Amino acid sequence: MERETSPRRQFIKSGMLAAASLAAGTTLSAQESVDPEEAATPQAGPITSPPVSDGTKKSPVRDEYDGFSRFKPSRGNDPDSDYYLGKLVPGFRTTEEGPAPFIAPDLEKLPYVMKDGAKQFELVAQNVRREFLPGYEMDVWGYNGSMPGPTIEVTQGDRVRIIVHNELPEPTTVHWHGFELPVQQDGSMTLTQNPIMPGKSYVYEFDIHEEGTFFYHSHVAMQEAFGMVGWFIVHPKKVFDPPVDRDFGLLFQNFHIKANQTISNSWSMDWNWHTINGRSGPFTTPLVVKHGERVRIRLLDFSPMQHHPIHLHGHTFWLTGREGARTPKSAWIPRNTELVGVAQAAEFEFIANNPGDWMFHCHMVHHMMNHMVEQVGPRIREGSNVDAYMTNLDQRPPVDMKHSEGFATPGYPQGMQGMQMSEKFMKAIWSRREVQGMRATWPKSVHGLMTLLRVLPDDLYQQVMETDDVPKGAIFEEIVQRFGTPETYQKAPLMKMGH
Amino acid sequence: MDASILSKLLGSLAISIALLAIPVQGQQLAPTAQQTIEKMLTEPQDIGLDTAAPGTRWNGLTTNQGNATEVHTLNGMLELAARSNPTILQAQYQITGQLAKAQQAGLYPNPMIAYIAENIGVEGTAGEWQGAELEQRFVTAGKLQLSRDKYLQRAKVAEHLAVAQQFRVCNDVRIHYFKTLAAQQILDLQKELLKTAEDDLATTREMFNAGQANQVDLHRANSELRRQQLSVLQAENRIRREFLQLSSLVGMELAFLPLSGDLRTASDLIDYDTVAQRVLSQSPEILAAHSKLREDQITINRESVEWVPDVIVGGGVGRNFEANDTTGALSVRMELPIYDRNQGTYRQAQADYVRQQKEILRTEMDLKMRLAMQYETYLTAAQHVLTYEEMVLPQLKQAYATSLQGYKEDRLAWPHVLHSYRDYTLRRIEYTEQLLARRTSEVLINGFLLHGGLNPAPGATPPGHLDATPNPR
């Protein structure tokens, strides 16, 4: 079907000239720029590559479906329409191309070998160090040097053999959460098998007739709380329709780790560190998609005892399935926030029709930050700084007993003053390709169980994902130029870290 | 109902409504009752140190320690004490007194001269004999030399006791110097705790304003601050007391200045056996006791010859008016030691000798007992100092530094930091006390366990001892 040339698309095209003007401060050039007409066309390619538009070919998808536009915030004309809120609006990828690659940011995939007709994986239970934030390496338990463990990815109908090696100093088993497998393979400690003793191995083998979002985890409770979990994604034999262009996985966890400590207290009833795929905001890697793509996000809550109301900014998503199975389309529901309980998974699908940098986060206030402490002491006192205390440990500075004017308001302070981000910390935060061109102050607002969804027009996507040294704020400002009201835009003040 | 009553009721009701309405109309709109909270956050109004126990602060000694350019030194104090402590002079006069006794005891008896008139009026004469006689006592058996030797030996005893008194004074000056020095350091540390208590109150108020503390916590923080202010005053009182006592030991009024010095010591650990041997062989008390034993031996010798009679020879020239002739007179006298051969005093001297032998033993035992007690204090303090220096204080300092870092990283609450610093400072006070205890014990052990620098300097004569007066023998 020939794609329509909407005014907005014309604007996008003309906006390329403005984007090209960024070249003074970026690597974007006329040669490197991509025609937005081309960018909107899906491209067949290896499963691990994101679809690249090719405007010279006929696109199987349209810009608009019954009043719903994949390129601007819209609902459609009829709630009963298959395309209302983009419900069945396909992505650029076709079903023939197979499922979109599953990407769990910051996590690796577990390789396998075909042996005796089965995909054979090797999983090593061991203690690992995981950098929750730059400079904050925590001692947790996981698999194959990773917490969460590496992703097992198979296709419906596969036979899998997983050899589990126990390098922990105590017994373990692995439970394959959600699979309808033979009881001997269930991994329930002592109920269905003897524990895998330290230094020993155990082989699990079963056929997979399910499809969907699964996971594996230790079936020792404290080991679960200590991080021993990983994705187990089963792609359907018959690719779901409508096909998605992006298939992300976000695994939410909580830990309790004291200050100046790296070992999590899995016995705790309180939780002060929050991770998504083993990292805390702002170290979580944003989900970067192209404008107009159909996106699936699988979300697993593997917190020990905290449920998470997950909220996506700027979009309305369809809840297309839970961990049990894919939900029939007639039962899909549109949501802005979905409560995901402990050990539950949820699948969200939506058309990324609203360009920008959007928060995607648990809405529990205390989960939107890490290691909260009372905001008292030098941090909130005028002319006071903790460095003054650190210069002489044998004598402390006197304290001024007078209150600042803020104390005239009961409840002051409510604003968290925030942790001091060192230059090294900021350098690590900005080192990821996925955050290029964002506003300079973005790290101040993303903490704990927070990550970002970046919806970028093709050319900006290319700048972010395929070029280097995009200046802070350049991409965001360009989006404002094209889709916002630039006359009212105020740039973010540069943070003092020089990054 | 009576109409008038009803009208009164309605009237009063109208007044009540009007009264109720007045404050409502005049009331300023405020989101919350700020006055109450502000009051909670500012009471008590003045929490300065001067308001703690007002009117009772000891202001007898004042100095600006921080800016003082002059300081007292230990050597300066010792020099002053050597000149001014009255007991040192007393001890010197004890020696002088014994030497004077020795002089007196060895003096030879004076001759006697007499005019004699016998039988006056006999036969109508002026007298049978009138004339002058000269009489001289000849001391036998070397009694005078023995007496002189006895008191010269007592002078030696007094010399040892004077040395002991010097140790008493010097030891006490050292100890009180270190006590004052420790008091200075503890005052500084208490002021650190005061700043922490002030911070605790400020923090509690901050937490109160954020709903993280309540009125109970505020009252507690106010109370704790007062208590800490009292601790500072107590430390001030202590430093003044120590300095005044030091001044008394020195023996003169001293202007209050900060003391320089270090409570730490570079000395090796004192070995008990070595120091016990030294104390028992070189203590001035032991040396005095041995000298006293020699003096008691001389006393025995002296008393053993007391029974030997002196010879008293007299003679003269006179006029015998009855015979109208000039004649001479001669007499030789001596005591016959028939009943009193000084045997009682001799036995007493012998008893004194044996008693003094036991006194030496008693002194040794007493020194051992005092040394055992002092060494226990010393060893305990040395163990504390060593362990505090190597482990306790570095660990607590690191705990404080780590808690500060945790706070800086927004992972630890400020009250934890305050707790760490308070803990570190309290242990530093303990460390200072142990340093003082070690120094004090070290001074006493090295100074033959002598103290009491303002007690009267003891004499060479023990209580109840035989002593002849007014003419010593």
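The values are calculated or read from the model by the stated rules, or taken from the named source; none is laboratory data. These numbers come from a predicted model, not from an experiment. All Cβ positions, glycine included, derive from the backbone under ideal geometry; neighbour counts span all protein chains shown. Quick note on the areas: whole protein, heavy atoms, side chains included, nothing else; ligands and nucleic acids left out. Shrake-Rupley method; radii C 1.70, N 1.55, O 1.52, S 1.80 Å.
Can you find a residue that is within 25 Å of A:Ile103 (Cβ to Cβ) and part of a strand (DSSP E or B) anywhere in the stretch A:186-205?
Looking through the stretch A:186-205, none of the residues is within 25 Å of A:Ile103 (Cβ to Cβ) and part of a strand (DSSP E or B).
Looking only at the stretch B:182-206, filter to residues that are without any contact (Cβ under 8 Å) to a residue 12 or more places away in the chain and either in a loop (DSSP other than H, G, I, E, B) or open to solvent by 20 Å² or more (accessible area, probe 1.4 Å) (or both); which one of those is nearest to the other protein chains (Cβ to nearest Cβ)?
Looking at residues that are without any contact (Cβ under 8 Å) to a residue 12 or more places away in the chain and either in a loop (DSSP other than H, G, I, E, B) or open to solvent by 20 Å² or more (accessible area, probe 1.4 Å) (or both), I get B:Lys195.
When you check A:Phe252 against the structure, is it open to solvent by less than 10 Å² (accessible area, probe 1.4 Å), more than 21 Å from A:Gln126 (Cβ to Cβ) and aromatic (Phe, Trp, Tyr), yes or no?
Yes; evaluated as a whole, the condition is true for this residue.
When you look at A:Ser218, is it over 19 Å from A:Arg322 (Cα atoms) and within 25 Å of the chain's Cα centre (by Cα), yes or no?
The answer is yes for A:Ser218.
Within the set of pairs 6+ apart or on separate chains, which have a first residue in the stretch B:230-255 that is of a type in the set (Val, Ile, Thr), a second that is not in a helix (DSSP H, G or I), and C-beta atoms under 7 Å apart?
B:Val250/B:Asn85
Has the stretch B:221-229 got at least one residue that is of a type in the set (A, V, I, L, M), touching an Asp or Glu at 6+ places or on another chain (Cβ under 7 Å) and more than 14 Å from chain A (Cβ to nearest Cβ)?
no
Does the stretch A:324-351 hold any residues that are assigned to a loop (DSSP other than H, G, I, E, B), farther than 27 Å from A:Val455 by Cα and without any contact (Cβ under 8 Å) to a residue 40 or more places away in the chain, and which are they?
The one that is assigned to a loop (DSSP other than H, G, I, E, B), farther than 27 Å from A:Val455 by Cα and without any contact (Cβ under 8 Å) to a residue 40 or more places away in the chain: A:Pro328.
Take the residues in the stretch B:207-217 that are at the interface with another protein chain (Cβ under 7 Å from one of its Cβ atoms) and part of a loop (DSSP other than H, G, I, E, B), then tell me which one is surrounded by the fewest Cβ atoms within 10 Å (Cβ to Cβ).
It comes out as B:Gly211.
Taking A:Asp387 as meeting all but one of (1) at pLDDT below 90; (2) loosely packed, with under 14 Cβ neighbours inside 10 Å, write down the number of the exception.
Here A:Asp387 clears every test but (1).
So which of A:Phe179, A:Phe92, A:Phe132 is of a type in the set (Phe, Trp, Tyr) and in a strand (DSSP E or B)?
The conditions single out A:Phe132.
Step by step: first the residues of the stretch A:246-274, then only those that are touching a Leu at 6+ places or on another chain (Cβ under 8 Å) and touching a residue at least 40 places away in the same chain (Cβ under 8 Å), then the one that is farthest from A:Gly227 (Cα to Cα). Which residue is that?
Step by step, filter the stretch A:246-274, then rank; the result is A:Arg246.
Of the residues that sit in the stretch A:224-249 and are among the β-branched types (Val, Ile, Thr) and not in a strand (DSSP E or B), which one is least open to solvent (accessible area, probe 1.4 Å)?
Taking the candidates together, the pick is A:Val244.
Looking only at the stretch A:404-460, how many residues end up being over 15 Å from the mean Cα position of the chain (by Cα), part of a loop (DSSP other than H, G, I, E, B), buried (at least 17 other Cβ atoms within 10 Å of the Cβ) and more than 14 Å from every other protein chain (Cβ to nearest Cβ)?
Matching residues across the stretch A:404-460 total 6.
Conditions tested, residue by residue: (1) surrounded by 15 or more Cβ atoms within 10 Å (Cβ to Cβ); (2) among the hydrophobic types (A, V, I, L, M, F, W, C).
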| residue | (1), (2) |
| --- | --- |
| B:Ala81 | yes, yes |
| B:Ala91 | yes, yes |
| B:Gln98 | yes, no |
| B:Ile113 | no, yes |
| B:Gly131 | yes, no |
| B:Phe138 | no, yes |
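Of everything in the stretch A:352-379, what is more than 33 Å from the chain's Cα centre (by Cα) and either at pLDDT 95 or above or part of a helix (DSSP H, G or I) (or both)? Give them in sequence order.
Within the stretch A:352-379, just A:Pro378 meets the criteria.
Against the condition in contact with a helix residue (DSSP H, G or I) (Cβ under 8 Å, 6 or more places away or on another chain), hydroxyl-bearing (Ser, Thr, Tyr) and within 14 Å of chain A (Cβ to nearest Cβ), how does B:Tyr375 come out, does it pass?
No; evaluated as a whole, the condition is false for this residue.
Of everything in the stretch A:371-396, what is at the interface with chain B (Cβ under 8 Å from one of its Cβ atoms) and of a type outside the set (D, E, K, R)? Give them in sequence order.
Correct list: A:His371, A:Val373, A:Gln375, A:Val376, A:Gly377, A:Pro378, A:Ile380, A:Val386, A:Tyr389, A:Met390, A:Leu393, A:Gln395.
In the stretch A:106-136, how many are surrounded by fewer than 15 Cβ atoms within 10 Å (Cβ to Cβ) and at pLDDT below 95?
Residues meeting the conditions: 1.
Just to be sure before I move on: is A:Ile257 open to solvent by 50 Å² or more (accessible area, probe 1.4 Å) and more than 18 Å from the chain's Cα centre (by Cα) in the structure I sent?
no
Tell me, yes or no, whether the stretch B:328-335 has at least one residue that is of a type in the set (Val, Ile, Thr) and in a helix (DSSP H, G or I).
No, the stretch B:328-335 contains no residue that is of a type in the set (Val, Ile, Thr) and in a helix (DSSP H, G or I).
A quick yes/no check of all residues on (1) of a type in the set (D, E, K, R); (2) closer than 30 Å to B:Arg302 by Cβ; (3) surrounded by 13 or more Cβ atoms within 10 Å (Cβ to Cβ):
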position	(1), (2), (3)
B:Leu336	no, yes, no
B:Asp340	yes, yes, no
B:Tyr353	no, yes, yes
B:Lys358	yes, yes, no
B:Glu364	yes, yes, yes
B:Thr380	no, no, yes
B:Thr387	no, no, yes
B:Val392	no, no, yes
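I'd like to know if the stretch A:264-272 contains one or more residues that are touching a strand residue (DSSP E or B) at 6+ places or on another chain (Cβ under 7 Å), of a type in the set (A, V, I, L, M, F, W, C), in a loop (DSSP other than H, G, I, E, B) and at pLDDT 95 or above.
No, that holds for no residue.
Determine if the stretch B:152-175 includes at least one residue that is crowded, with 22+ Cβ neighbours inside 10 Å and either within 14 Å of chain A (Cβ to nearest Cβ) or hydroxyl-bearing (Ser, Thr, Tyr) (or both).
No, because not a single residue in the stretch B:152-175 is crowded, with 22+ Cβ neighbours inside 10 Å and either within 14 Å of chain A (Cβ to nearest Cβ) or hydroxyl-bearing (Ser, Thr, Tyr) (or both).
Restricting to the stretch B:394-415, give me the number of residues that are within 18 Å of A:Gln417 (Cα to Cα) and open to solvent by 40 Å² or more (accessible area, probe 1.4 Å).
The total comes to 4.
List the number of the failed condition for B:Lys408; all other conditions in (1) modelled with pLDDT of 95 or more; (2) within 14 Å of chain A (Cβ to nearest Cβ) hold.
(1) is the only condition that B:Lys408 fails.
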